[in-house]
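Below is one structure; the comments refer to it alone.
The values are calculated or read from the model by the stated rules, or taken from the named source; none is laboratory data. Bear in mind that the values here come from a model prediction, so they are computed numbers and not experimental data. Ideal geometry is used to build each Cβ from the backbone, glycine not excepted, and the neighbour counts take in all protein chains shown.
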Number of protein chains: 2
Amino acid sequence: MPITVVGSIAYDTVKTPFGERQRMLGGAAVHFALAASFFDDVRVVGPVGEDFGEEQLEVMRARGVDVSDVERVSGGRTFFWQGEYGWDLNSRETIDTQLGVFEGFSPKLSESSRASDVLFLANIQPDLQLDVRGQLPDARFVALDSMNLWIDIARDSLVRAIEQCDCVILNDAELRQLTGKPNLVSAAREVLSWSPSEGGRGPRVVVAKQGEYGAALVTREGFFALPAYPLETVIDPTGAGDTFAGGLVGYIAAHPDEELSDELLRRAMAHATVLASFNVEEFGTERMQRLTGSEIAARIHELHAMTQFSGAPLALRG
Amino acid sequence: MPITVVGSIAYDTVKTPFGERQRMLGGAAVHFALAASFFDDVRVVGPVGEDFGEEQLEVMRARGVDVSDVERVSGGRTFFWQGEYGWDLNSRETIDTQLGVFEGFSPKLSESSRASDVLFLANIQPDLQLDVRGQLPDARFVALDSMNLWIDIARDSLVRAIEQCDCVILNDAELRQLTGKPNLVSAAREVLSWSPSEGGRGPRVVVAKQGEYGAALVTREGFFALPAYPLETVIDPTGAGDTFAGGLVGYIAAHPDEELSDELLRRAMAHATVLASFNVEEFGTERMQRLTGSEIAARIHELHAMTQFSGAPLALRG
């Protein structure tokens with residue numbers, strides 16, 4: 001089923017202990033789209049400025065991504081983010097953010113983008129997420145990402161947006177902040193208890209991203225957790241979360257005839273984990289641009305092997 | 001195979017967001033012993049003061065732990081630790097530490113403690129760990145824990161102690177600090193490359209404890225990671241790491257006829273994870289004192305179910 005993603009398309013300037021890049025292609029919608037493109041048709045909705053290059057669009061087109069709803073704002077500048085990572089890549093400092101064309105962005109979806117059955121609301125202002133959600137009222141599966149900023153300054157809107165989604169994908173610290181519950185399971189259960197005041201189903205899947213530790217899945221049915229795929233070389237974590245989301249949502253989109261069971265979601269989590277592991281191996285989108293399906297399949301196989309243990313019974317004392 | 005553990009026997013005063021306890025039974029050797037007692041015979045070596053109660057020794061005896069090498073130092077005071085945890089239990093502040101009888105402690109092992117085939121060197125000064133290690137030259141499996149303090153002030157001794165062990169069990173931050181390598185896999189590989197200058201085998205198992213995120217296992221053979229067992233109620237994390245070690249080392253001790261394969265180690269990791277999950281459900285040793293083998297087995301079964309995913313193949317695009 002085709003996927004529509006609404007979110008940022010950006011230029012990123014990134015410095016990590018392993019090097020730096022100036023104004024490389026980035027943005028949540030881009031990272032998401034490249035990952036999801038391994039599974040299904042993807043349509044990207046978001047604004048760019050006059051400074052945005054044709055070769056950047058070509059990166060997405062080369063993976064079959066439909067960029068006809070990428071809106072080029074005349075006289076505008078593309079969203080810009082500059083950040084620097086600490087020695088263990090677990091901390092990062094934002095040096096500069098220039099909203100550019102994102103200031104005053106109002107998502108306009110073409111008929112074909114509105115016809116998608118699957119929608120990913122990348123991290124943008126929650127009222128915009130609600131607006132886009134309203135433009136795809138019949139979408140079969142809608143997932144949402146957000147960030148600490150919106151929990152701080154627009155929590156009510158964010159909660160309303162979450163109530164309209166099937167799946168929430170957040171960093172575990174954000175999930176704690178959003179709910180005020182320090183315990184991950186309790187925080188996830190709290191989100192699963194939300195539902196629209198006007199009636200409707202409310203979220204049924206919560207995914208907590210845990211960075212280098214992996215990710216956890218909480219549904220009404222159960223709990224699942226996967227470690228990150230272990231890497232000796234991590235070059236640039238930028239976009240890992242959106243790549244993860246692209247793997248997760250893409251996998252679900254590619255299985256339109258399956259119920260949204262925990263069994264399906266676990267396979268989706270594994271693909272999300274593996275996609276994210278490739279993304280961080282090089283700067284920006286560099287690794288994803290030449291990734292192949294067989295590389296993904298091989299790493300799924302390895303991840304599977306790395307997480308198995310035998311439950312052989314043992315006579316315990318006491 | 002009988003297990004000898006050398007380490008602290010303590011009184012802990014602990015405050016968490018869920019309550020507090022004054023001078024309850026604690027210490028690394030105690031937490032380790034209670035967990036390991038589900039698997040095999042355990043002998044505890046460590047000093048206590050005149051203030052140490054008979055009922056505290058009885059807690060260990062009730063689980064079949066041999067406390068005849070617990071040395072009561074006349075005129076001495078039992079090791080005392082006081083700490084307070086933050087709202088999400090991930091940060092803790094040490095309010096007070098009183099070494100008491102641990103100051104000038106020189107481990108004296110009886111013949112039966114020296115006859116154990118399995119040895120756990122809990123977190124004590126690394127020269128003492130080396131000394132004890134030398135008293136069990138033929139032990140089949142020796143594991144060691146340590147802490148940031150010894151990496152700071154006695155790193156050379158610690159490295160020498162590690163070189164004499166089979167298995168190192170550290171928090172992941174300590175593993176990074178010890179090796180100066182921010183990447184977990186690289187840090188573990190570094191430790192696995194160490195070997196005694198006088199010849200010998202060196203460590204072959206590195207376990208990185210990751211708190212609420214679980215734990216990872218690195219051997220020359222491979223990588224394995226397990227999430228923590230998810231709990232909605234965590235009351236007191238004190239002793240979780242030592243309880244984990246008790247489950248891991250205990251499980252290995254209980255399988256004397258098996259090679260130290262990754263397969264065995266993974267099962268040991270699962271038992272370690274489950275034991276630790278019980279420990280944190282109540283203050284100090286409260287939960288462990290009434291834990292049963294069937295409760296452990298049930299949670300192993302659940303943990304197994306929570307970490308499974310199907311590797312069903314999927315035709316990927318590109």
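Of everything in region B:302-315, what is outside any loop (DSSP other than H, G, I, E, B), out of contact with any strand residue (DSSP E or B) (no Cβ under 7 Å at 6 or more places or on another chain) and either facing chain A (nearest Cβ under 7 Å) or free of Cβ contacts under 8 Å to residues at least 24 places away in the same chain (or both)? Give them in sequence order.
Our first condition is that a residue be outside any loop (DSSP other than H, G, I, E, B); within region B:302-315, this holds for B:302-306.
Next cut, out of contact with any strand residue (DSSP E or B) (no Cβ under 7 Å at 6 or more places or on another chain) only: B:302-305.
The answer is B:His304, B:Ala305.
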Task: The one condition in (1) among the charged types (D, E, K, R); (2) in contact with a helix residue (DSSP H, G or I) (Cβ under 8 Å, 6 or more places away or on another chain); (3) closer than 26 Å to A:Ala173 by Cβ that A:Arg92 fails to fulfil - done: (2)
Open item on the list: Testing A:Phe32 on (1) aromatic (Phe, Trp, Tyr); (2) in contact with a Ser or Thr (Cβ under 9 Å, 6 or more places away or on another chain); (3) within 14 Å of another protein chain (Cβ to nearest Cβ), one condition comes back false. Which one is that?
Closed with: (3)
TODO: Give me a count of the residues in region B:94-118 that are under 20 Å from the mean Cα position of the chain (by Cα) and under 30 Å from A:Gln177 (Cβ atoms).
DONE: 1
- [ ] Output the number of residues of region A:104-145 satisfying the condition of being closer than 22 Å to A:Val73 by Cα and aliphatic (A, V, I, L, M).
- [x] 6
Open item on the list: All but one of (1) within 14 Å of B:Ser8 (Cβ to Cβ); (2) at pLDDT 95 or above hold for B:Pro107; state the number of the condition that does not hold.
Closed with: (2)
TODO: Those residues that are within 10 Å of chain A (Cβ to nearest Cβ) and surrounded by fewer than 18 Cβ atoms within 10 Å (Cβ to Cβ), I need them from region B:187-210; list them, please.
DONE: B:Arg189
Open item on the list: Residue pairs, Cβ under 9 Å, 6 or more apart or interchain, first in region A:11-27 and over 16 Å from A:Arg92 (Cα atoms), second of a type in the set (Lys, Arg) and part of a strand (DSSP E or B). List them.
Closed with: A:Tyr11/A:Arg23
Task: Any chance A:Glu259 is surrounded by 15 or more Cβ atoms within 10 Å (Cβ to Cβ), out of contact with any Leu (no Cβ under 8 Å at 6 or more places or on another chain) and not hydrophobic (A, V, I, L, M, F, W, C) - done: no
Task: Residue list for region A:217-239, restricted to those being closer than 17 Å to A:Ile300 by Cβ and either out of contact with any Ser or Thr (no Cβ under 8 Å at 6 or more places or on another chain) or among the hydroxyl-bearing types (Ser, Thr, Tyr) (or both) - done: A:Leu217, A:Tyr229, A:Pro230
TODO: Give region A:132-190 a look and list any residue that's of a type in the set (S, T, N, Q) and touching a residue at least 12 places away in the same chain (Cβ under 8 Å), or say none.
DONE: A:Gln135, A:Ser146, A:Asn148, A:Ser157, A:Gln164, A:Asn171, A:Gln177, A:Thr179
- [ ] Would you check if B:Glu282 is farther than 24 Å from B:Ser91 by Cβ and acidic (Asp, Glu)?
- [x] no
Open item on the list: Quick check on region B:269-280. Is at least one of its residues facing chain A (nearest Cβ under 10 Å) and not in a helix (DSSP H, G or I)?
Closed with: no
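Are any of the residues in region B:163-171 within 21 Å of A:Gly211 (Cα to Cα) and either at pLDDT below 95 or of a type outside the set (A, V, I, L, M, F, W, C) (or both)?
yes
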Open item on the list: Can you say whether B:Arg43 is surrounded by fewer than 16 Cβ atoms within 10 Å (Cβ to Cβ), in contact (Cβ under 8 Å) with a residue 24 or more places away in the chain, among the basic types (Lys, Arg) and farther than 30 Å from B:Thr233 by Cα, as far as the supplied structure shows?
Closed with: no
TODO: Could you please give the count of residues in region A:73-102 that are assigned to a loop (DSSP other than H, G, I, E, B) and either buried (at least 19 other Cβ atoms within 10 Å of the Cβ) or out of contact with any strand residue (DSSP E or B) (no Cβ under 9 Å at 6 or more places or on another chain) (or both)?
DONE: 8
TODO: Consider A:Ile124 carefully, then state whether it is away from every other protein chain (no Cβ under 14 Å), assigned to a loop (DSSP other than H, G, I, E, B), out of contact with any strand residue (DSSP E or B) (no Cβ under 6 Å at 6 or more places or on another chain) and aliphatic (A, V, I, L, M).
DONE: yes
TODO: Please find, among A:Gly247, A:Gly222, the residue that is surrounded by 24 or more Cβ atoms within 10 Å (Cβ to Cβ) and either at pLDDT 95 or above or over 25 Å from A:Asp12 (Cα atoms) (or both).
DONE: A:Gly247
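I need the full set of residues from region B:281-301 which are within 9 Å of chain A (Cβ to nearest Cβ) and either within 15 Å of A:Phe309 (Cα to Cα) or surrounded by 16 or more Cβ atoms within 10 Å (Cβ to Cβ) (or both), in order please.
The answer is B:Leu291, B:Ile296, B:Ala297, B:Ile300, B:His301.
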Open item on the list: For the list (1) buried (at least 19 other Cβ atoms within 10 Å of the Cβ); (2) touching a residue at least 12 places away in the same chain (Cβ under 8 Å); (3) facing chain B (nearest Cβ under 10 Å); (4) not charged (D, E, K, R), I need the number of the one condition that A:Thr233 fails.
Closed with: (1)
- [ ] Would you check which residues across region B:57-72 are outside any loop (DSSP other than H, G, I, E, B) and touching a residue at least 40 places away in the same chain (Cβ under 8 Å) and list them?
- [x] B:Val59, B:Asp66, B:Val70
Task: Residue, nearest to B:Asp242 (Cα to Cα), within region B:9-48, restricted to residues that are hydroxyl-bearing (Ser, Thr, Tyr) and assigned to a strand (DSSP E or B) - done: B:Tyr11
- [ ] Could you tell me which of the residues A:Leu291, A:Leu265, A:Leu248 is part of a loop (DSSP other than H, G, I, E, B) and within 22 Å of A:Asp41 (Cβ to Cβ)?
- [x] A:Leu291
TODO: Filter region B:60-75 down to residues that are among the charged types (D, E, K, R) and more than 16 Å from B:Val6 (Cα to Cα) and give me whichever is farthest from the chain's Cα centre (by Cα).
DONE: B:Arg61
